[in-house]
1. Can you give the relative contact order of the chain as a percent, counting alpha carbon pairs under 8 Å and 6+ residues apart?
2. Name the long-range amide H neighbours of A75: under 5 Å, sequence gap of 5 or more, or other chain; modelled H, no Pro or chain starts.
3. If you average the sequence gap of Cα pairs under 8 Å that are 6 or more apart and divide by the length of the stretch 1-105, what percent do you get for the contact order?
4. Please compute the length gained on full extension between T168 and L9, using 0.36 nm multiplied by the number of residues separating them and subtracting their Cα-Cα distance.
5. Could you give me D for the chain, from Stokes-Einstein at 25 °C and 0.890 mPa s, where the hydrodynamic radius is the Kirkwood radius over C-alpha pairs? Units µm² s⁻¹, please.
6. Given contacts defined as C-alpha pairs under 8 Å and at least six residues apart, what's the relative contact order of the stretch 111-198, whole-number percent?
7. Run lengths n ≥ 4 of DSSP H only: what is the helix-derived mean residue ellipticity at 222 nm for the chain, with -39500 (n - 2.57) per run over all residues, to the nearest 500?
8. Given the Cα-Cα distance of Q21 and S111 and 0.36 nm per residue of separation, how much length would full extension add, in nm?
Amino acid sequence: MKWIKGDFLHKGKGKSIYAIQNHPALVWMEFKDDLTAFNGKKTSSFKGKGALNRDMSSLIFRFLKGEEIENHWMADVNNTGMVCRKLEIIPLEVVVRNRLAGSTARKFQFSEGRPLPSPLVEFYYKQDELGDPFVSSEQALAFGFVSDGEEVEFLKTQALRVNDKLKTFFDSAGLELIDFKLEFGKEKPEEVDGSLHRENLNSKNRFLLGDEISCDSCRLWDKKTGDRMDKDRFRLNLGGIEESYKKVHDLLYRSFPAVRFYEDKLRKDKV
Ligand code: UDP
């Protein structure tokens with residue numbers, strides 16, 4: 001399939017979004033080399049970062065599809081592009097924590113790495129100017145970020161399912177998944193209607209997993225050494241950012257046969 005980049009739609013911190021000609025239900029997500037932290041207050045970049053994050057996100061989304069966790073990934077284009085189902089993203093960051101680190105560790109003055117008895121799901125309001133404040137389930141409902149209790153439950157259950165799959169996924173590459181952030185959205189039925197991808201619209205128009213899953217959105221610690229292998233290297237001025245992103249990328253691509261399994265399944269389905 002030849003995808004033709006259309007109009008520019010949106011500029012994010014790490015990605016830009018474009019339309020795709022003749023495919024109103026899809027978007028072209030372009031991963032950039034920019035690095036940002038602390039809600040955009042600290043910025044940098046390195047050459048090749050966009051390609052590394054695209055590759056990691058693509059591998060993870062394909063793996064999740066193979067595990068029956070539906071998401072927006074459709075195809076990779078060039079070195080830094082991803083064709084995705086177009087979603088209206090809700091303004092909630094859904095964070096899952098296996099150990100305490102970052103903002104929640106700071107808030108309660110607990111040490112980083114403190115284990116949790118079971119994974120913790122938290123919501124944050126996606127609003128850089130406010131510093132992405134914590135949102136309770138009740139607030140998410142009261143402020144209309146979700147329509148009903150069923151949607152809150154869906155987000156929590158789906159985030160925990162993703163955590164289960166990703167913990168094993170990273171573990172097999174020698175990495176411990178400390179925490180991560182997910183974003184969800186819905187497709188617009190009128191855009192999906194009549195398009196080639198109509199069959200993709202889930203019957204209840206439930207939330208679909210979107211955005212990216214990469215070293216920018218996960219905390220990953222080396223299982224043997226405990227070294228931080230993610231954006232904390234940039235946040236905490238630890239150096240070796242580029243090397244860590246590259247190492248995680250290579251470890252995942254080397255050690256993950258399940259994605260090939262998913263692609264085999266796709267090929268078989270076509271026969
Ligand atoms: N995270 C993210 N984007 C954000 C905030 C957090 O991708 O805007 C990720 C972050 O990389 C970490 C997890 O979500 O893996 C939990 O982040 P936390 O709430 O601890 O915030 P932080 O310490 O990053 O401010």
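The values are calculated or read from the model by the stated rules, or taken from the named source; none is laboratory data. Owing to the predicted nature of the structure, the values given are computational and were not obtained by experimental measurement. The protein model used for the area step is the full one, side chains on, heavy atoms only, and it has no ligands, DNA or RNA in it. Shrake-Rupley method; radii C 1.70, N 1.55, O 1.52, S 1.80 Å.
1. Details: 470 pairs, mean separation 50.5, N = 271.
Once normalised by length, the contact order is 19 percent.
2. Long-range HN contacts for A75: V83.
3. Answer for the stretch 1-105 is 20 percent.
4. Working: separation 159, 0.36 × 159 = 57.24 nm, distance 3.56 nm.
Taking 0.36 nm per residue and subtracting the Cα distance, the gain is 53.7 nm.
5. On the way: Rh = 19.3 Å.
Taking Rh from Cα pairs, D becomes 127 µm²/s.
6. Details: 39 pairs, mean separation 14.0, N = 88.
That works out to 16 percent.
7. On the way: 8 runs with 90 residues, N = 271.
About -10000 deg cm²/dmol.
8. Working: separation 90, 0.36 × 90 = 32.40 nm, distance 4.99 nm.
Full-extension gain reported as 27.4 nm.
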